[in-house]
Amino acid sequence: MNALADDITLREDQMRLGLWMFLATVTMLFAAFTSAYIVRRSGSDWRHVALPPILWLNTLVLGASSVTLEIASRAGLERRWRAAGGGFAAALVLGFGFLAGQIGAWRQMVAEGVYLPSSPHSSFFYMMTGAHALHVVAALAVLLWSAAATWSAGRDVRAWDAQVGLCRTFWHYLGGVWVFLFALVSLY
Amino acid sequence: MSTHVLGGPPRSPHNVGPAPVEHEPGFIRRYVFSTDHKIIGIQYILTGLVMAIAGAALATLIRLQLGWPEHHWLWLSRLLPVGMPSGVMTPEFYLAVVTMHGTIMVFFFVSFVLVSGFGNYLVPLQVGARDMAFPFLNMLSYWIALLSAVTMLASFLVEGGAAAAGWTAYPPLSAVAAAVPGSQMGQTVWLLSMALFIASFTMSGLNIVATVFSVRAPGLSMMRLPLTVWSYFIASILGLLAFPPLTAAAVMLLLDRHFGTSFFLPSGLIIANKVLPNTGGSPLLWQHLFWFLGHPEVYVLILPALGIACDILPAFTRKPVFGYRISVWCLVAVGCLSMIVWGHHMFVSGMSPFSGEYFSLVTLTITVPMTIFGVNMLASLWGAKLQLTTAMLFSLGVIALFGSGGLGGLFLGNATADMQLHDTYFVVGHFHMMIGGVTLLATFGAIYFWFPKMFGRMMNETLGKLHFWFTFAPFFLIFFMQHFLGLQGAPRRYYAFTAFDYLQKTRGQNLVISIAAMVLISGQFLFLVNFVWSLFRGHRAAANPWHATTLEWTVASPPPHGNFDAVPVVQRWAYEYGVQTIDGDFAVQTVPSVSA
């Protein structure tokens with residue numbers, strides 16, 4: 001392996017390590033929200049609010065975007081760039097769809113008179129889904145960055161794969177966080 | 001796909017190879033918006049020193065008030081017409097001053113100078129890297145940190161003045177604007193500034209961990225790293241894991257303050273003769289979240305101080321540090337244990353006795369690795385002919401304060417004793433000796449030791465030694481005496497003790513403490529003069545003026561952009577003293593061993 005290739009490998013390793021450390025901090029953030037939720041849940045004024053059914057659809061949309069991202073990634077590795085580009089486009093549309101769906105859910109709740117301070121449950125719901133949505137916005141930027149690399153000409157498959165690897169990790173991670181949060185606010 | 005294993009064997013020479021040929025950057029890119037870890041480190045250090053002056057000014061106000069509680073400081077009334085209208089401080093302003101003193105010293109002085117400043121400067125040099133793993137992120141980290149510092153200082157200027165709920169920002173005081181003037185916009189600005197600080201500190205910590213993991217020079221295995229690097233490594237991991245819960249808590253507090261939620265505000269709270277509409281919130285929830293950060297944070301600050309002292313000691317004992325491997329494992333053990341001891345700050349919060357027992361037990365457990373580390377530092381002095389340079393004096397001061405302050409920790413870690421001592425000056429004395437004194441002395445030790453490397457000039461030793469004695473002696477006196485104030489029942493955060501009969505006899509002690517504080521603060525002018533004078537007029541420094549062994553001493557003083565002309569290949573551990581080489585009684589880490 002020549003020096004240049006070694007440097008590229010090092011950079012990829014560093015980026016991967018950096019991403020995982022960042023995800024560790026995000027995990028700690030949501031762990032703190034969760035622990036606060038569990039503590040506050042024991043308060044005598046806790047009242048569960050009805051969550052809008054659109055959240056189920058949003059969950060499916062986010063799951064589908066993860067699947068399309070995987071399909072795009074595999075297509076790219078097999079150098080089927082049209083399919084990869086299409087997969088990324090679909091993942092992006094679904095990702096933005098999730099975000100729009102979340103905004104829709106908040107609007108529905110507001111329309112029903114359930115606001116941020118209405119109950120501890122609604123406070124946690126708005127806060128945690130809001131924090132998650134902010135991370136999704138950041139992840140969409142990363143997704144867009146990888147999609148642009150897929151759509152552009154003259155790709156280096158190895159570098160592309162490393163970049164997409166970061167994007168996949170971030171995106172699937174946030175999918176996992178969403179499933180956890182949704183289960184928490186629905187079931188507990 | 002990658003074939004590298006992070007944290008595994010050090011990189012091959014290719015990865016840390018000669019600096020690529022780059023065109024010379026202009027002044028702005030080189031010294032202002034620089035991505036060079038050395039410049040960023042110096043930027044952090046200088047910013048932190050400016051913040052220290054602000055923190056010291058606030059300490060002066062505190063001591064003027066406590067030493068002379070009824071004196072009218074007319075010249076101060078002109079300077080601070082709101083806080084000291086007749087020359088005597090108002091209680092509300094005292095709370096704001098105490099809050100900002102703690103906040104600035106913990107987050108904007110020690111964290112800036114010792115952790116981010118020296119961490120940035122030393123880690124890449126000591127691991128033999130050209131720069132941090134993510135140089136741009138590093139630059140971003142500094143500028144966000146600067147923004148957070150400016151924001152924090154600006155909070156004095158907003159309506160109601162600066163935050164006044166203590167550096168721990170306990171609700172309800174911090175959550176209700178009507179509670180105290182500082183709980184108006186000042187507290188909001190405090191939270192925003194902290195959010196910026198946490199973002200910046202996270203970037204910095206992430207960089208340090210990635211750098212230690214991924215760009216160590218060939219031959220530099222983890223067990224050859226200097227203890228300074230180990231301490232930054234552990235402290236950075238702690239910071240990464242402990243700060244996010246404070247972010248979560250800050251978000252919740254902001255929502256409580258401005259959007260009517262009740263995360264921390266309980267039912268039936270009456271403030272300014274009004275019953276608040278909040279229901280069911282738990283102020284204790286904030287305490288748990290805050291101290292989940294707060295306790296690891298003290299180790300984030302103190303571990304680098306200990307690591308630095310361990311690297312300075314052998315240069316002036318001319319023998320290796322004692323028990324290197326055990327010290328490393330102690331750092332790891334302390335790092336792990338520090339995440340599970342936070343409840344010892346809350347023994348009086350009404351927690352279950354079983355929880356109290358648990359937190360006592362783990363707190364006393366953490367003293368074991370800390371004590372071993374301290375004993376290793378002491379043992380490193382055994383049989384050595386000490387060279388009492390300024391840096392060495394400060395390192396010896398670190399050991400002295402670590403031992404004395406640590407002893408107080410044994411009392412506070414025990415729930416039964418803490419019930420009596422909680423929120424008294426015993427606590428103030430203890431933590432000032434530990435995260436105040438140990439870190440302050442280590443910071444000065446580090447500056448005197450690495451100043452020649454940073455600026456290519458030596459600091460004046462006579463002024464330095466004077467500075468040491470004008471720092472160490474009053475510092476020790478102040479905070480040793482505060483332990484006894486605490487034992488007499490003097491509560492912390494009170495702006496005057498004049499109204500309490502049982503504390504009348506402590507007025508003399510407070511006066512002595514205040515006079516010592518003025519001596520301490522005056523002594524710092526010796527440092528400032530020395531620092532500025534040496535920058536321009538100090539003797540030129542050689543590459544390795546202390547005959548030390550770690551990698552930063554193998555390059556010129558100051559090191560060039562890119563640090564190393566050729567890849568350093570590490571042959572030895574970091575403390576090869578007491579051996580004969582052509583250089584003298586030491587071998588830098590790149591000198592091949594005889595058997596090799």
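Things to note:
- Table column - 3J(HN,Hα) (Hz), region B:515-530, Karplus curve with 6.51, -1.76, 1.60, x for Gly and Pro: 5, 4, 5, 5, 5, 4, 5, 4, x, 6, 5, 4, 5, 4, 4, 4
- Diffusion coefficient, µm² s⁻¹, Stokes-Einstein with Kirkwood Rh over alpha-carbon pairs of the protein assembly as shown at 25 °C and 0.890 mPa s: 88 µm²/s
- For the pair B:ALA379 and B:VAL569, the difference between a 0.36 nm per residue extended length and the Cα-Cα distance amounts to 65.4 nm.
- Gap separating the Cα centres of region B:29-58 and region B:484-509, nearest whole Å: 38 Å
- Amide N of region B:508-546 lying under 17 Å from the label point, which is placed 7 angstrom from the Cα of B:LEU46 along Cα→Cβ: B:528-538
- Over region A:53-187, relative contact order from alpha-carbon pairs under 8 Å, at least 6 apart, %: 30 percent
- Rounded to the nearest 10 degrees, the inclination of helix A:3-41 to the longest alpha-carbon principal axis of chain A is 10 degrees.
- Among A:SER119, A:SER73, A:SER146, the largest mean-square fluctuation in a Gaussian network model of chain A (Cα springs under 10 Å) belongs to A:SER119.
- Region A:1-70 and region B:207-243: distance between their alpha carbon centers, rounded to Å: 25 Å
- Order of B:PHE118, B:PHE500, B:PHE134 - criterion: other Cβ atoms within 10 Å of each residue's Cβ, fewest first: B:PHE500, B:PHE134, B:PHE118
- 0 to 90° range, to nearest 10: angle between helix B:461-487 axis and chain B longest Cα axis: 40 degrees
- Reachable lysines from B:LYS319, criterion Cα separation under 20 angstrom, eight or more residues apart if same chain: B:LYS385
- Extension gain for B:SER86-B:ARG318 works out to 77.8 nm (0.36 nm per residue, less the C-alpha to C-alpha distance).
- Packing-based exposure ordering (other Cβ within 10 Å, fewest first) of B:MET223, B:MET458, B:MET139: B:MET223, B:MET458, B:MET139
- Residues B:ILE372, B:ILE28, A:ILE103, arranged from fewest to most other Cβ atoms within 10 angstrom of their Cβ, appear as B:ILE28, A:ILE103, B:ILE372.
- Residues whose amide H lies under 5 Å from that of B:THR424, counting only those 5 or more places away or on a different chain, are B:ARG492; hydrogens are built 1.01 Å from N in the peptide plane.
- Taking the C-alpha atoms only, the angle from helix A:54-77 to the longest principal axis of chain A is near 10 degrees.
- The relative contact order of region B:28-586 comes to 16 percent, based on Cα pairs under 8 Å that sit 6 or more residues apart.
- Cα centroid separation, region B:323-385 to region B:166-199 (Å): 31 Å
- Secondary-structure-derived ellipticity at 222 nm for chain B, considering helices only, amounts to -19000 deg cm²/dmol, per-run term -39500 (n - 2.57) for DSSP H runs with n ≥ 4.
- 14 Å beta-carbon shell around B:PHE455, net charge (K/R +1, D/E -1): +4
- Based on every Cα atom in chain B, Rg and the maximum pairwise Cα distance Dmax equal 24.2, 81 Å.
Only the coordinates and a few stated rules stand behind these numbers; no lab work does. Since we're looking at a predicted model, the values are computed, not measured. Please note: Cβ atoms are built from the backbone with ideal geometry, for glycine as well, and neighbour counts cover all protein chains shown.
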